[in-house]
Amino acid sequence: MDEQSVRDALAQAKSGITGAPLVLPEEIGEVAFEDGWLAVAINRDLVSTPQLEDLRLALVAAFPGREVELRNGLRVYKGGLGFGEGKHVVAVLGGKAA
């Protein structure tokens, strides 16, 4: 795997509804990877969760066995709704005293 193969996999990802590309080449920002991990910055405003999931699934299919995360603005998307192995859950404990 190299940066160009990641960019190529994203360029081939199409919408299941319209067939349009999910991301344009100029919207793909930094690509980072190490053993078992891949991260890509998507430089576009307001990428929806379903769009991020479609992009993540395209990368998972192209690079099986890797944890894939997409970064969009301040958001880091690792798939799902935040629950499961390798996910983070933030809980706030406490409350107002009566």
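Quick rundown of the values:
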read-out	value
Top-ranked residue in the stretch 15-71 [being small (Gly, Ala, Ser) and more than 14 Å from MET1 (Cα to Cα); ranked as modelled with the lowest pLDDT]	GLY16
Extreme residue, modelled with the lowest pLDDT, among residues of the stretch 72-88 that are buried (at least 17 other Cβ atoms within 10 Å of the Cβ) and more than 18 Å from PRO21 (Cβ to Cβ)	GLY79
Hits in the stretch 34-55 (condition: surrounded by 11 or more Cβ atoms within 10 Å (Cβ to Cβ) and either in contact (Cβ under 8 Å) with a residue 40 or more places away in the chain or touching an Asp or Glu at 6+ places or on another chain (Cβ under 8 Å) (or both))	TRP37, LEU38, ALA39, VAL40, ALA41, ILE42, ASN43, ARG44, ASP54, LEU55
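The values are calculated or read from the model by the stated rules, or taken from the named source; none is laboratory data. The model shown is predicted, which means the values in this text are computed figures rather than measured ones. No Cβ is skipped: glycine too gets one built from the backbone with ideal geometry, and neighbour counts run over all protein chains shown.
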